[in-house]
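Structure incoming, see below.
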Amino acid sequence: MIDLPGRTALVVGASRGLGHGIATGLAEAGASVVTVSRTPVEFARPAAGAGTVRTEVADAGDAAAAGLLLDRHEPDIVVLVAGASPLMRPLQHHTWETFSVNWETDVRIAFHWLREVLLKPLRPGSRVVVVSSGAALAGSPLSGGYAGAKATQRFITAYAQDEAGRAGLDITFTAVLPRITPLTDLGRAAAQAYAARSGQSEEEYLKQMGDPLTPDAAGTALVDLVRRDAAQVAPAYLLTGAGLKKLP
Ligand SMILES: NC(=O)c1ccc[n+]([C@@H]2O[C@H](COP(=O)([O-])OP(=O)(O)OC[C@H]3O[C@@H](n4cnc5c(N)ncnc54)[C@H](OP(=O)(O)O)[C@@H]3O)[C@@H](O)[C@H]2O)c1
């Protein structure tokens, strides 16, 4: 098990939702956390003896942001959570611009940050987690290019792992695919749209999905993941309210 006190974790996309829970969980486990988001956010002061949270206001999709922030903070752990909320409507009601929003945000962010992690490179033993989506496994017919963009995030996380291995860099890359949860802005809009499409109330739709993933539970799962020995870490996991499940 890896100790988090003394380690710096950079969480990209942490002003709300799952990223906020992940940043809070890492700080409570003792890490020095740096958050990145476009809007400023206040975090509750972690309990005595826990880690710290500092915030950076930046657009993570900006080509210069990744290199600059990695150089400034020299993190041991990088968690890419940031993503755009897709417009929820059937394919024919999308424009190319609404269809491609997650390619222009989520994939762009993963591309810039993974590239900079490899070029820098992060120090040996570093961990990189990319938050993709369960939609990457089954599709998401109401959210345009979202599922494909999230699948591409998973692919390029594996590409980065391969490049790191070829270059002899001891960096571990993992994709985490959360299942839809109504407890964030993004997930609530998606749950409402799918409930309406299936003629169910939002409550009925969510009931069949089991316990929802909370931002706190996402934080607990990520702490568990980054504390595991690298040899025990799989390339990808599904994340539900019940925790992480290794993907084949
Ligand atoms: N909630 C779900 O049901 C669910 C399911 C599967 C996967 N996911 C994935 O999990 C991740 C987090 O989702 P969420 O539900 O927590 O979403 P959310 O509540 O909408 O939060 C998104 C976060 O990303 C940040 N962000 C977006 N664009 C950014 C940019 N260009 N630069 C910096 N930060 C940026 C936002 O901060 P600012 O707006 O302040 O910049 C915010 O902190 C996403 O990648 C999403 O696709 C979510």
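Taking the C-alpha atoms of region 1-45, how large are the radius of gyration and the largest Cα-Cα span, Dmax, in Å?
Rg and Dmax of region 1-45, Cα atoms, are 10.2, 34 Å.
Could you tell me how many degrees, from 0 to 90 and to the nearest 10, lie between the Cα long axis of helix 146-166 and the main elongation axis, the longest principal axis, of the Cα atoms of the chain?
It works out to around 20 degrees.
Rounded to the nearest 500, what is the 222 nm mean residue ellipticity of the chain from helices alone, with -39500 (n - 2.57) per DSSP H run of 4+ residues and division by all residues? Walk me through the intermediate numbers first.
On the way: 9 runs with 94 residues, N = 248.
Result for the chain: -11500 deg cm²/dmol, rounded to the nearest 500.
Also, I was wondering about something else. For a Förster distance of 45 Å, can you work out the FRET efficiency between the beta-carbons of A167 and M209, rounded to the nearest 0.05?
Step by step, r from the Cβ atoms, then E = 0.65.
Once amide H atoms are built 1.01 Å from N in the peptide plane, which residues 5 or more positions from I171, or in another chain, come under 5 Å H to H?
For I171, the qualifying residues are G125.
Under the Karplus relation 6.51 cos²θ - 1.76 cosθ + 1.60, θ = phi - 60°, what is the ordered set of whole-Hz ³J(HN,Hα) values for region 220-230, x standing for Gly and Pro?
For region 220-230, the Karplus-derived couplings read 4, 5, 5, 4, 4, 5, 6, 8, 5, 4, 3 Hz, x marking Gly and Pro.
Which three extents, in whole angstrom, do the alpha-carbon atoms of the chain cover along their principal axes, largest first?
Principal-axis extents of the chain (Cα, largest first): 51, 38, 37 Å.
With all protein chains present, how much of the accessible area of region 127-189 (probe radius 1.4 Å) comes from carbon and sulfur, to the nearest whole percent?
After summing per-atom areas, the C and S share lands at 54 percent.
Another question, then. Could you list the square roots of 5 times each eigenvalue of the Cα gyration tensor of region 1-115, that is, the equivalent ellipsoid semi-axes, sorted largest first and rounded to whole Å? Provide the component values of the computation, followed by the final result.
Working: eigenvalues 170, 48, 25 Å².
Taking √(5λ) for each eigenvalue gives 29, 16, 11 Å, largest first.
Could you go through region 14-21 in sequence order and give the Karplus-derived ³J(HN,Hα) for each residue, using 6.51 cos²θ - 1.76 cosθ + 1.60 with θ = phi - 60°, rounded to whole Hz, and x for Gly and Pro?
Once rounded to whole Hz, the list reads 10, 6, 7, x, 4, x, 5, x.
Want the number for D62 to A48: 0.36 nm per residue separation, take away the alpha-carbon distance, what's left?
Length gained between D62 and A48: 1.5 nm.
I need the per residue convex hull volume for region 103-228, using only the alpha carbons, in cubic angstrom as a whole number.
Given the Cα convex hull of region 103-228, per-residue volume reads 108 Å³.
Follow-up. Modelled label-to-label distance, D216 and K120, 7 Å Cα→beta-carbon offset: nm?
That separation, rounded to one decimal, is 3.1 nm.
Give the long-range amide H neighbours of T35: residues separated by 5 or more places, or on another chain, with amide H under 5 Å away, using H modelled in the peptide plane at 1.01 Å from N.
Long-range HN contacts for T35: V11, R54, T55, E56.
Amide H to amide H under 5 Å from R7: which residues, 5+ apart in sequence or cross-chain, H placed 1.01 Å off N in plane?
For R7, the qualifying residues are S32.
Which of G6, H20, A136 sits closest to the plus end of the dipole of the chain, meaning its Cα is farthest towards the positive end, when Lys and Arg get +1 and Asp and Glu get -1 on the C-beta?
A136
Right, next: Could you state the accessible area per residue of the chain in Å², with a 1.4 Å probe and every protein chain left in place?
I get 48 Å² per residue for this part.
The values are calculated or read from the model by the stated rules, or taken from the named source; none is laboratory data. Worth saying up front: this structure is predicted, and the values here are computed from it rather than measured. Note that each Cβ is placed from the backbone with ideal geometry, even for glycine, and that neighbours are counted across all protein chains shown. Heavy atoms of the whole protein, side chains included, go into the accessibility calculation; ligands, DNA and RNA do not. Shrake-Rupley method; radii C 1.70, N 1.55, O 1.52, S 1.80 Å.
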